[in-house]
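Computed from the coordinates by the stated procedures, all read-outs in this text should not be read as laboratory data. None of these values were measured; they are calculated from a predicted model. Methodologically, a virtual Cβ is constructed for each residue, glycine included, from the backbone with ideal geometry; neighbour enumeration extends over all protein chains shown.
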Amino acid sequence: MALDIDGFAVLHSIAAHPSMFPNAAPEVAKVARTLVIKQVKAKNTGLHSVRDIRKAIGADAFGLIMDGMTDVQVKSLVSKLDKNHPELKSSTSQWRRHQLKALAEGSTEPAPKVPKAKSPSKQKTKKRVSEASEPKQKTKKRVSEPSEAGGFLSFKSAGATRRRTA
């Protein structure tokens, strides 16, 4: 059975000795970018986590990684971090990238949720007023007339329950 290695320790060693791994440099950059993007896009990653990631890897590296993201990835991320912003739906990709950088650095906070005001419709208001002014009248139940076949229906036979036998 193969043992797993500590990936962070290996990557730390590679980063500490880059002269020993000259052929791995392009691959390391690609893997680093992929790992950061994957963590930023994770469902459980919120704005606070994105700001912590930016602080951990540095503002310059984070900016370069965000610039390398596709427009779809940026739109998805901004929609997750600032979903209540009024300009989000009609925004351009350039605005979304700027908004993502501003949110990550902390110069902009997410827009607060705007509650929708519910006003009762005119018909419901009129109905309520008329109901309040006139008390409800009880309706009388009609008594069945005997059918031509011979009498009233029996309640025992009209129901959906079975007749119990002892």
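Listing 80, 38 from fewest to most neighbouring C-beta atoms within 10 Å gives 38, 80.
Neighbour counts of other Cβ atoms within 10 Å put 78, 72 in the fewest-to-most order 72, 78. Each of 98, 85, 17 was scored by other Cβ atoms within 10 Å of its Cβ. Arranged with the fewest first, they read 17, 98, 85.
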